[in-house]
Structures are given as structure tokens and as C-alpha cells.
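J.: Mind having a look at this structure? Questions to follow.
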Amino acid sequence: MLKKIAIGSILIFFMTPCLQDTYGRVYIDIDSPSLPKFPIAITDFYCPVDREGHSIWFPDQLGKFLKLTGYFQVIDKKAFLDTGTGGIRFADWTAIGAESLVKGAVRNEGNILSSDFHLFDVTQGKSLVFKRYTGTARDKRAMVMRFASEIMLALTGEAGVFDTRIAFAGKKGKNSEIFTINFDGTDLTRLTNYRALSILPHWSPDGRRISFTSYKRGNPDLFVIEARGGPDHLLSNESGLNLCGPWSSDGRSLLVTLSRDGNEELYVFNQLNGKKYRLTNDTSIDVSPCWSPDGTKVAFVSNRSGSPQIYVMDANGYNVKRITYEGNYNTSPRWSPKGDKIVFEGMRGGNFQILTMNPEGGQLTQLTGSGRNDSPSWSPDGRYIAFVSTTGGKSRLCIMNSNGSNFRIIHSGMDKYMYPNWSPHLNF
Amino acid sequence: MILVSFLLHAFSLSFAILLPSMPAKKWTFGPVYTVDLVSVPADFQERKSTSRLSRDIAAVTPRDRQVVLKKEADRLPDTAVRHSPLPREESRKIERAIEDVRKKLAAQPGPVMPSASAGKQPAATPELNRYYAVIWARIKGQWALPRGVVPAQNLETVITVRILRDGSISSLQYEKSSGNRYFDQSAWRAVRKAGPFPHFPESLRESNIEVGIRFHSAEMR
């Protein structure tokens, strides 16, 4: 009984101040940010004996990586107020609009190069990430890349795509070879040298191999090659087309297009037993397949309705449903890693443009507008799209953020870029 | 014993029944009014009221000839009024209070909005509204959040900021989290970078004010 009285009185006691406190507070609504990028400051690195210019090279390289992501605005060093080497005056950094600050140090002892990276949130005056990397001078780029990933993870929740490469077919004259290139446009590597038409490279889910179609033996056959180079292996040489499509997430199967029975049909090709399971059975052309990330559905292109349009079916070939109705030429569907979108190219105003939609065909959004833009491929985190952009007769390998912003050219100079395919995380 | 138990049960029952009729306990105090920020003054300066009413008043042209509308009242006969002597301290207090009111009125460029007097909050004079507009512009201008960092759903974070007379921020706290860490953090950083704010306008007598900043992601998609 005493308890009841106690509870009652406690309730009354706590209720009263709350009722008294309900006075009007002013609320200010802010509906959208003004700055589309995170402002970050990177100071010169501390380097006691600096013969190689590391104190400048490290911050510059880090800035380049961060700018490439499209998420960061690197503040010009000229704006810095706090140039002292003593304690950090956080207010001096917020005063120039910085939210984050990177400080670092590099030490060279014999052949050993060690680097410290320190990320601060200057608005809260606290340390977010500290990392020390040790290696040789050859590893310095990888060190910077690793820390760029750490910054992305700390501020955006995803590690970024610094450890990824893009495979593509590069055309010179009549022939094309398979190449790979870093996401920042560095380290271009040629994988094939067949002097034939080689197309449609696709990374294996572990990033170790690349499958593709090549005319090197006259017929468009299916091959696989180590991503770091080496001899190729023939996978399929059915008569007619053996067009390469994406790998299944377990790495066992490939989606392929074969024309052995007269017209182009889609198959699941099991690499372990060599069996090909037919998915489509139609008198029209069925090409360009891709799996949904959970592997339960396949999106593809068919002209069964008269014009090339995008369809979705169950992974076993049943329940075919057309999803594009706008435009008379829609092709190259690629399902986003999160499964919420399909990117594709569609004829709009006389040129191919890149568009996204949801897997039901709704929420159609055109991402590109000028020139010809085609062959989209998602980054493994779904935040970027690689594609080929052609303006004024010049072909370029490009990337953009998945909402169409931050268009960047990765490589140019070849006659024609074709079929870019973004690698999974390679953990280098 | 039973009687006591009965009485207590009756008490707690009636308490439970009466409870819904009382205002619900709220941890997030809803706004009594929200400041509508239509435009932000580039310079935070005194501007003359341009309301229709004041324009109408200003437009009145004086007549050529003065018209006596009311006859002057007959003067009351002088009477000796006995002033009851107030203690010195007391009279000084009153004088100061009158002076304060006079200053306040002088500082107010326009009429005081009737809805403004809400409990303990300072009266929402146009000057104060302009102060809020400056806070809004400062924070919005500092809010950095790239598209693609947060999911394409509508998020809301509410941060309560207490501002001192000199414009400095004395405390910040999350009143409501959006559930997305990166969205919350971006809002927090925006408020931090936006401060310190300008000094309170003279008409604002409070030693500090508390403002809720509501950040939305609806327009980001």
C-alpha cells in the first residue's frame, strides 16, 4: 500500500514540471543542404628528412583520391589559418569552413617507409581515425588509398571504390583488346593481344578472372583469363555467337547468349560441368542478360514486341514481364548492387542516354543529356556508374555518381571504348 | 484495512481515468509557433516596417487647416495631492522598469504580433524574426551533405541549440535523431560551423534563447 502511495506521489511530482515546461520553443526548418560536398582540409605531412618530397606528395595524392569520389571539397592550402605544428586550433579550421582535417607524418628509415594518417572532426574537436602503415616506397600509393577508404568509411559509411578497377574493350582500327584500369584512371593494363575483335569483359566475383568473347579463332567464342594477365582458357565455342554475360555471385555460372539454335537465346552456363541451361525460347532476339543481386531474377533485352525493350523474368526463365515502355530502343540493363535500381541505355532524342528505373520499370530518371552515352556498369558499392561517352566523334571512358552528378573522364585517346565492366573490391 | 485498500484503489483508478484528460507527457515539445522565414536580409540591419497599414498611415497628408475635433476639457481645479513617500530603493526599481519598457518600445519598429507572446519565449518582434532568419541562413549555408550518402527517404533530425546574448552557442543537443548517423552528424556539424551567431538585437532582453533546428532530407532526392 505504501508503495502505491509512493508511486502515485512520484507520478504527480514528475508530471508537474513537465506540464509547466510545455512552453513554445521556436523551430527553424532547413530543407536542403547548401554544400554538395564535405569540406576537408589536408595539411602538409611532417617529414623530418624529405628528399623525395613526401610531405607534399602524400597530401596531394590523398586530395586527388578524395576529389575523385565526388563527395569531398578539398580546401585550398592558401586558406589555412592554423599553420603551426603545435596543438590543433580547431576553431581556426571551422572558421575556414572545414569539417574534417587530415594531418600526417612520413618516416624513411633505410628501405622502410612508414606513414601516419590522422583524421579529425574539427567541429567536435575530436579524433576520428588514426592509422599507421609500414612498407617500402613502392607502397606509398596503396597507403594513401587505404586511408582514403578509411575517410570514406568514417564520413559516409561506405569504404569507397579505391580498390577497384574497370575492365573494358578498347578499339583500334578493326580490332579491340581487353584492358583494365584503376578507378582513378591510372595503371592501364592490356590483358589480350590477339589482333582480333575481343569484347564484353566480365569480372568474376572474386576479382581474379575476367571472362570475355573473342573472335581470335574466327568464331565469337567465350574465354576466361587471369585478371593480372596470363594465358586464356576456352570456355565455350558453340557455332554462332558465344556472348559473355555476368558471373553468378558464387562464381560457378555465367549468363551467356548463344545462337546455336538459329537465333539468340539466353542460357545459364555452369562452368563446373559445362552444361548450358536454356532460359528463353522465343523466335525473336534475346540478349544482354544480368542477374538481380540476390540471383532470383534476370533482366534482359528482347525485340519480341517489335523493338528492343527490357524484360525481367525469374532466374529459371519463367514469368517474363516487360518493364520499359518509353522510347523505342532500350538496352544494356544492369541491376544495381543494392537491388533497388536498373541502369540501362535508351534512345532519347536521337542518341543513346543513360537512365535508371526501379525493377518494376517505374521512377524513370535520365542521368545523361548531351552526346551519346552508353554501356553503363555499376561500381560495387552502387554509388557510381562507369560508361562510355561519345561527343564530337570522340569516345571516352567515364564515370559519374549514380544520380548523374560529378561526370569524370577516366581515359581517352583510343578509337573507341566499349563494354566497361566495374570490378568487385580487389582489396589491394 | 479493506477500506483503506478500497480508497487507494479508487484513488489510483480515478487517477488513471483522469489521466487522459490531462495533457500528454511530451518529451519533444511541439512548437507553439514556427517562424516563417520568407526572405533573409543580406545585412542584418534595422529596416522600416513596410506593412500595408504603416504605408496607409504614412500616406495620410496633413490638412491645410487644423480642425478641432474635440473641445479642450475644462481644467480641473488644482488640488493638493499628497504623495505617499515610497522607499528610495522601490522607486528606483520602478523607474528602471519604466525605462526598460520605454527602451523596448523604442526598439520595436513595428507592432508586436499578438501570437508572439508564448509563455517564456521572447516576444517575436520583426527584429527577432530577422535574427532567426540570420541563424537559418548561417546554418543552411554551412550544411554539407553530398547526395547519395543518405538513403532516398525523408529523414528528420532536430537539434536544440542554446544561444547566449553575445551570440555564442552554450549548448547543443539532439532533440530527435533521424536514425541515420551520417545525416545526424552532418546537421550537428552545420550548427557547430554556423556559430557563433551575431549578438542579440537590443530589443531582446533575454540572457539566452533556445531554438530547435529541424533538418529534413525531403528536397535532396
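J.: Please go through region A:276-323 and give me each residue that is over 19 Å from residue A:377 (Cβ atoms), hydroxyl-bearing (Ser, Thr, Tyr) and either in a loop (DSSP other than H, G, I, E, B) or touching a Leu at 6+ places or on another chain (Cβ under 6 Å) (or both), ordered by number.
T.: Once the filter is applied, which keeps residues that are over 19 Å from residue A:377 (Cβ atoms), hydroxyl-bearing (Ser, Thr, Tyr) and either in a loop (DSSP other than H, G, I, E, B) or touching a Leu at 6+ places or on another chain (Cβ under 6 Å) (or both), region A:276-323 yields A:280, A:283, A:284, A:296, A:305, A:307, A:318.
J.: Does residue A:269 qualify as being assigned to a strand (DSSP E or B), more than 23 Å from the chain's Cα centre (by Cα) and either hydrophobic (A, V, I, L, M, F, W, C) or over 24 Å from residue A:377 (Cα atoms) (or both)? Don't jump to the end; show me each part of the working.
T.: Details: assigned to a strand (DSSP E or B): yes; more than 23 Å from the chain's Cα centre (by Cα): yes; either hydrophobic (A, V, I, L, M, F, W, C) or over 24 Å from residue A:377 (Cα atoms) (or both): yes.
When the stated conditions are applied, residue A:269 passes them.
J.: If I ask for residues that are more than 14 Å from chain B (Cβ to nearest Cβ) and acidic (Asp, Glu), which ones from region A:123-163 would you list?
T.: Selection gives A:139, A:150, A:163.
J.: For region A:111-222, give me every one of the strands (runs of 3 or more DSSP E) that falls completely inside it and has 3 or more residues that are more than 27 Å from residue A:424 (Cβ to Cβ) and touching a Lys or Arg at 6+ places or on another chain (Cβ under 7 Å). So that I can check it myself, show each step before the final result.
T.: On the way: elements: A:112-121, A:126-135, A:165-172, A:175-182, A:198-203, A:209-214.
In region A:111-222, the matching strands (runs of 3 or more DSSP E) lie at A:112-121.
J.: Being closer than 20 Å to residue A:171 by Cβ, surrounded by fewer than 17 Cβ atoms within 10 Å (Cβ to Cβ) and out of contact with any helix residue (DSSP H, G or I) (no Cβ under 6 Å at 6 or more places or on another chain): is that true of residue A:228 here? Break it down into steps so the answer makes sense when it comes.
T.: Values: closer than 20 Å to residue A:171 by Cβ: no; surrounded by fewer than 17 Cβ atoms within 10 Å (Cβ to Cβ): yes; out of contact with any helix residue (DSSP H, G or I) (no Cβ under 6 Å at 6 or more places or on another chain): yes.
When the stated conditions are applied, residue A:228 does not pass them.
J.: For region A:110-139, give me each residue that is surrounded by 14 or more Cβ atoms within 10 Å (Cβ to Cβ) and among the hydroxyl-bearing types (Ser, Thr, Tyr).
T.: Within region A:110-139, A:114, A:115, A:123, A:133 qualify.
J.: Looking at region A:374-410 only, could you name the residues that are in contact (Cβ under 8 Å) with a residue 60 or more places away in the chain and aromatic (Phe, Trp, Tyr)?
T.: A:384
J.: Going through B:159, B:213, B:135 one at a time, which residue ends up being in contact (Cβ under 8 Å) with a residue 60 or more places away in the chain, within 11 Å of another protein chain (Cβ to nearest Cβ) and out of contact with any Ser or Thr (no Cβ under 9 Å at 6 or more places or on another chain)? Steps first, answer last, please.
T.: Details: B:159 fails: in contact (Cβ under 8 Å) with a residue 60 or more places away in the chain; B:213 fails: out of contact with any Ser or Thr (no Cβ under 9 Å at 6 or more places or on another chain).
Exactly one residue qualifies, and that residue is B:135.
J.: While we're looking at this one, here's another question. How many of the residues making up region A:27-51 are within 13 Å of chain B (Cβ to nearest Cβ) and among the charged types (D, E, K, R)?
T.: Final tally of qualifying residues: 3.
J.: What do you reckon, is residue A:378 within 14 Å of another protein chain (Cβ to nearest Cβ) and aromatic (Phe, Trp, Tyr)?
T.: Details: within 14 Å of another protein chain (Cβ to nearest Cβ): yes; aromatic (Phe, Trp, Tyr): yes.
Here the answer is yes, as residue A:378 does meet what is asked.
J.: What is the one condition in (1) modelled with pLDDT under 85; (2) touching a helix residue (DSSP H, G or I) at 6+ places or on another chain (Cβ under 7 Å); (3) surrounded by fewer than 19 Cβ atoms within 10 Å (Cβ to Cβ); (4) within 12 Å of another protein chain (Cβ to nearest Cβ) that residue B:109 does not satisfy?
T.: (4)
J.: Farther than 19 Å from residue A:94 by Cα and in contact (Cβ under 8 Å) with a residue 24 or more places away in the chain: which single residue out of B:167, B:179, B:141 fits that description?
T.: Details: B:167 fails: farther than 19 Å from residue A:94 by Cα; B:141 fails: farther than 19 Å from residue A:94 by Cα.
Checking each option against the conditions leaves just B:179.
J.: Turning to a different aspect of this structure: With the requirement that a residue be small (Gly, Ala, Ser), buried (at least 17 other Cβ atoms within 10 Å of the Cβ) and farther than 30 Å from residue A:196 by Cβ, what does region A:140-170 give you?
T.: Result: A:148, A:149, A:159, A:160.
J.: Only one of these conditions is not met by residue A:73: (1) of a type outside the set (Val, Ile, Thr); (2) within 14 Å of another protein chain (Cβ to nearest Cβ); (3) surrounded by 21 or more Cβ atoms within 10 Å (Cβ to Cβ); (4) at negative phi. Which number is it?
T.: Here residue A:73 clears every test but (3).
The values are calculated or read from the model by the stated rules, or taken from the named source; none is laboratory data. Quick caveat: nothing in here was measured; it's all calculated off a predicted structure. We place every Cβ from the backbone using ideal geometry, glycine too, and count neighbours over all the protein chains shown.
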